[in-house]
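Accompanying notes for the structure given below.
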Amino acid sequence: MNHFTYLVLSFVVTVYIIETISDLLNLKNISNTIPQEFENFFDKEKYAKAQSYLKDNTKFTIFSSTFSLVLQITFILAGGFSYVNSLASSFGAGTVLTGLIFAGILYLIYEIVDLPFSAYSTFVIEEKFGFNKMNGKIFITDFIKSFIIKGILYGVMFSVIVWLFSSIEHYAWLYAFVAITAFELFVTFIYPIVIMPLFNKYTPLENGELKKSVEEYAKKENFKMRGLFKMDNSKRSTKSNAFFTGFGKSRRIVLFDTLIQKHTVEELTSVLAHEMGHFKLGHIIKQMIFSFVSMGTMLFILSIFIKEPWLYKAFLMDTQPIYAGVIFFAFLYTPMSFVLSTISSCLSRKYEYEADTYAVTTYKHPQDMINALKKLSVDNLSNLAPHKLKVFLEYSHPPVLDRINAIKNISEK
C-alpha cells in the first residue's frame, strides 16, 4: 500500500468519523422532557416512542456505515478493483462498454450488500414503530424497478463521461457538463410523468373542500396549477408528507394520502402554500443551479486528475483505464462532496424558512401551519431536539421548534 492509498482512505475515514460523532452527539442530546410547545400533541408514551425510534435508527446507521467503511477498505486493500477490471476486460469490448461492465459489477455488488440493510430498516425498525405497510412482494418489486431505473440513468451518464474523456483531448469536462445537464433536465421533466407512477399511484385530487381551498389560494397568488395529486403512500408507510416536483408542464404538487387523512383543510392548504412558496421564490431553480455548478466543478477537477498515474496506484491498479479513474475520483472527491452536501443542506434550510414565511404571509393561517408541523412531527416520530452539529451537516429542514418560533415571530409583526 502506497501513500496515495493512505490519502484516499484518510478522506473516507475522516468523513465517517465526523458523521459518527454527529450521530453520537445527537443521541446524547436526547431529552425525556416534552417541549412545552408539544405538550398537547405528544403524550409521555408517544414521546418515549419517538426517542426509542431515534436511538434504534441512529445505532443502525452507525452499524451500517461502519460495515460499509470496513468493506470499502477491505475491497481496496485486497485489490478488488483490479480483479473487477480484469473480469470486465476479459469480454474484449471497447472502452465504453468495458467501463459499463466494470461499473455494472460494482453497482451490483453495492446493491446486493445494501439489500439486507434496507430490508432490516423496513421490516424490523419501521415495522417495530408502526410505520411499515409494505409486504415482501412490494419490497422486492420496488428493489428491482429501482435497480433497473438507476442502472439505466447512471449508465447513460457514466457512458457519456467515459466516452468524452477518452475521445476528446481538451475541454472534455465542459462537453460532459453540457451533455449531463441536458440529460438531467430531461429526466427532471419526465420523472413525475414516467418514473414516479412506476412506484405509486397518482390520482388528481377529487373535487371537494380541500381542492376548492387550494385552487382559490393558487388563483389569488397567480400560481398556475399544473397538477394537484394524491399519492397512495399508505400501501408502503404510515408516514405523511407533501412535495413539489417537476417543472414546466410536468410540474405538480403531491400530497400523501396519509397526510390528507390526518389534517384539516386549513392545515393542508398551509402545507401546499409552503410548497407553492418554493416555486414562487425560485428555490427549485436555485437548487438546480447549485447542483449543476457542483457537477461542473466536479467534472473540471476530474479532468485534472483523470490521467494521473498515482490515482490508479492508490487503488492498487497497474493499468489506467479512464472508466476506473472516474470511479476512483469519486473517492478522492469525498471531502469536497461532503462540503458541498453541507452547503446544500444549509441552503435548503434557508429556503424552508422562506417558504414558511411565504405561506404564512400569503395564506394568513399561521396557527394552522404550526398545527400541521406539529402533527407531522408527531405522526413521523420526529426528533424535536437534534444536536446543532447534526442539523448543520445533514438537515435539509430546520428543526421543527425553530420553524414554529420563526412562524410566531412573523405572525406577531
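Read-outs: derived from the displayed coordinates by stated rules, not from any lab. Keep in mind it's a predicted model, so treat the numbers as computed, not measured. Glycine also receives a Cβ, built like all others from the backbone with ideal geometry; neighbour counts cover every protein chain displayed.
Values as computed for the structure displayed
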read-out: Leading residue at positive end of dipole, the chain (Cβ point charges), from I105, S64, A372; value: A372
read-out: Principal-axis tilt of helix 209-220 within the chain, Cα atoms, nearest 10 degrees; value: 80
read-out: Cα-based Kirkwood hydrodynamic radius, the range 265-385, one decimal, Å; value: 17.6
read-out: Cα centroid of the range 249-297 to Cα centroid of the range 41-120, whole Å; value: 30
read-out: Hydrodynamic radius by Kirkwood, which averages 1/r over all alpha carbon pairs of the range 35-145, in angstrom; value: 17.5
read-out: Value of D in µm² per second that Stokes-Einstein yields for the range 200-239, Kirkwood Rh from Cα pairs, at 4 °C (1.567 mPa s); value: 113
read-out: Normalised per residue, the volume of the convex hull around the Cα set of the range 106-156 (Å³); value: 69
read-out: For K49, net neighbour charge (Lys/Arg +1, Asp/Glu -1) across residues whose Cβ lies under 15 Å away; value: -1
read-out: Rounded to 10°, Cα long-axis angle of helix 95-120 versus longest principal axis of the chain; value: 40
read-out: Shape call, the range 14-88: gyration tensor on alpha carbons, a/c limit 1.5; value: prolate
read-out: Entries in K239/K390; K137/K201; K46/K239; K220/K364; K145/K235 that, when Cα-Cα distance is taken, lie over 20 Å; value: K239/K390
read-out: Cα-based Kirkwood hydrodynamic radius, the range 174-215, one decimal, Å; value: 13.0
read-out: Helix 366-379 vs. the chain, principal-axis angle (Cα, 0 to 90°, nearest 10); value: 60
read-out: Under 13 Å from the Cα of K350 - aspartates and glutamates, other chains or at least 8 residues apart; value: D402
read-out: Alpha-carbon centroid distance for the pair the range 341-382 / the range 127-142, whole angstrom; value: 28
read-out: Within-14-Å neighbourhood charge of T58 [Cβ basis; K, R +1; D, E -1]; value: 0
read-out: Cα Rg over Rh - the chain, Kirkwood; value: 0.98
read-out: Top of E111, E45, E216 by mean-square fluctuation, Gaussian network on the chain, Cα under 10 Å; value: E45
read-out: Net charge, G151 excluded, C-beta distance under 13 Å - Lys, Arg +1, Asp, Glu -1; value: +1
read-out: Gyration tensor verdict on the range 78-213 (Cα atoms; rounded if a/c is under 1.5, prolate if a/b is larger than b/c, oblate otherwise); value: oblate
read-out: Cα-based equivalent ellipsoid, the range 159-278: semi-axes from gyration tensor eigenvalues, Å; value: 37, 17, 11
